[in-house]
Amino acid sequence: ATDLVADSTNGIPQLIVYDQLAGSNTLLSTAATGTASGDNRSLSPVFNSDGRTLVFASWASNLAADDFNHFSDVFAFEFLYANVTLGAAGLGPTITWPYVSGHSYQVQYKNNLTDNAWQQVAGTMNINGNQASLTDPVPAAGQRFYRVVAQ
């Protein structure tokens, strides 16, 4: 299909991920310039054993800079993931995720997945090496859904 994402209009099989929470598609087999889809087919992806990395092969020559070998290449796409642990008495849970220097992050929540908008978690982000964390200072009466958004 050429109507799933804006930059995939060349009719060549591409790698597209559907975000069920956001209700949107994202093109993963994007040219290194970030402005177009791959110039050749990308093959069926496979998740690693923990489900955090998607690995795929592609014959496209424009997914990486200076790719002149005219053969297929293997690519890996790591998804941002977070761990949620129960909080101490009087506090909500602590959300922990891999931290990458130079990126900024927001921790957001919904009390119900059918809510229209995500709300920002108040609190102070702590960075310890390559891990970041934030404790929700307001414990929810019921369940709460969290996400970490990298910017």
Exercise. So, with +1 on the Cβ of K and R and -1 on the Cβ of D and E, and no other charges, what is the size of the charge dipole of the chain about its Cα centre, to the nearest 20 debye?
Worked result: 500
Seminar exercise, completed: Counting only residues 5 or more apart in sequence or on a different chain, those whose built amide H sits under 5 Å from that of ALA132 are TRP97, TYR99
Seminar exercise, completed: Over region 106-151, with neighbouring protein chains present, the accessible area per residue in Å² at probe 1.4 Å is 63
Problem set entry | Burial ranking of peptide ranges 99-105, 11-17 (average Cβ count within 10 Å, highest at the top) | 11-17, 99-105
Seminar exercise, completed: Counting only protein heavy atoms and rolling a 1.4 Å probe, one gets per residue an accessible area for region 1-74 in Å² of 63
Exercise. Quick one: Cα centre-to-centre distance for region 87-130 and region 57-78, in angstrom?
Worked result: 34
Exercise. Which Cα, out of ASN128, GLY142, LEU86, lies furthest along the positive dipole direction of region 8-151 (beta carbon charges, K/R +1, D/E -1)?
Worked result: GLY142
Problem set entry | Carbon/sulfur fraction of accessible area - the chain, other protein chains in place, 1.4 Å, % | 52
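The values are calculated or read from the model by the stated rules, or taken from the named source; none is laboratory data. A quick note: this is a predicted structure, and the numbers were derived from the prediction, not measured. Please note: Cβ atoms are built from the backbone with ideal geometry, for glycine as well, and neighbour counts cover all protein chains shown. Note: accessible area is taken over every heavy atom of the protein model, side chains too, but ligands, DNA and RNA are not part of it. Shrake-Rupley method; radii C 1.70, N 1.55, O 1.52, S 1.80 Å.
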